[in-house]
1. Out of the residues in segment 1-44 that are touching a Phe, Trp or Tyr at 6+ places or on another chain (Cβ under 7 Å) and among the polar types (S, T, N, Q), which is farthest from G123 (Cα to Cα)?
2. When you look at R43, is it surrounded by fewer than 20 Cβ atoms within 10 Å (Cβ to Cβ), closer than 30 Å to D202 by Cα and not hydrophobic (A, V, I, L, M, F, W, C), yes or no?
3. Considering (1) within 17 Å of the chain's Cα centre (by Cα); (2) within 15 Å of L67 (Cβ to Cβ); (3) of a type outside the set (V, I, T), say which one N146 fails and leave the rest.
4. Suppose we filter segment 56-65 for residues that are surrounded by fewer than 15 Cβ atoms within 10 Å (Cβ to Cβ) and out of contact with any strand residue (DSSP E or B) (no Cβ under 6 Å at 6 or more places or on another chain); how many remain?
5. Return the residues of segment 66-117 that are in a loop (DSSP other than H, G, I, E, B), of a type outside the set (D, E) and buried (at least 19 other Cβ atoms within 10 Å of the Cβ); say none if nothing qualifies.
6. Just to check your reading of the model, which residue among K136, K170, K159, K142 is modelled with pLDDT of 95 or more and surrounded by fewer than 15 Cβ atoms within 10 Å (Cβ to Cβ)?
7. Just name the residue that is surrounded by the fewest Cβ atoms within 10 Å (Cβ to Cβ) out of those in segment 1-16 that are in contact (Cβ under 8 Å) with a residue 40 or more places away in the chain and outside any loop (DSSP other than H, G, I, E, B).
Amino acid sequence: RLPGKHFKIINDRLKLSVLDYCIKRCKRTKVQNIILCTSNNKRDSIFKKYAKKNKIKIFRGSKKNVLKRYIDCAKKFNLTDIIRITGDCPLVDRNIINNLLKIYKKNNYDYVGNVTPPTFPDGLDVEIINLLSLKKSYLENKSNENKEHVTLHIRKSNKYKKYNLNYHKKDLSKIKWSVDTEKDLKLIKKIVATFHPKIHFDWKDIYKLRKFN
């Protein structure tokens, strides 16, 4: 594991971190609110400073019960729907987000995503869930596993109206573009340097280069 991975610089010339890229790329989507949802653990106070500096909303809640943290965050900001993207995914793709958002709104789903099963490269994960379904899943399954993994029960249960976006050409889920290790960080830095000064490049453009797969 890579301590402080969210704040590791991946663009040396622009001094932008993993989290900077994630947020900047999310801002190019049709998403209205971007909220940093982190824990109230002392170690995560760094996110509070980051949010203030970058004028981003922040919510801090339970460290272990991540599901409750999401529910409490949604209540605080009067949200009915949540788009879940983890901050260690600097290459999250606007087209995937917008596509899922369109499907979600049009068909009145409880949950849409691209993770069950995953077919896109790891690091492009997106989930959209309505708050009512999150609350319902919390009442139905209070296991530690469900509390930690937020959407696990919804993904496993057949009580919810769901949709999974697949990359139809082939399964690319073994490709890793999220940041967990020093090796991951080096790869992301190479990708970012290749596309510099562009920040909003598409995932398919990275994939076409082959050397990053």
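1. The extreme case among them is N33.
2. The answer is no for R43.
3. (1)
4. Selection size over segment 56-65: 1.
5. Within segment 66-117, I85, G87, C89, P90, L91, V92, Y109, N114 meet the criteria.
6. K159
7. Residue satisfying both the conditions and the ranking: F7.
Matching residues to (1) within 17 Å of F212 (Cβ to Cβ); (2) touching a Leu at 6+ places or on another chain (Cβ under 6 Å):
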position	(1), (2)
P118	no, no
D122	yes, no
D125	no, no
I128	no, yes
E140	no, no
T151	no, no
I154	no, no
K161	no, no
K174	yes, no
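The values are calculated or read from the model by the stated rules, or taken from the named source; none is laboratory data. Not measured: the values here are computed from a predicted model. Cβ atoms come from the backbone with ideal geometry, glycine included; neighbour counts cover every protein chain shown.
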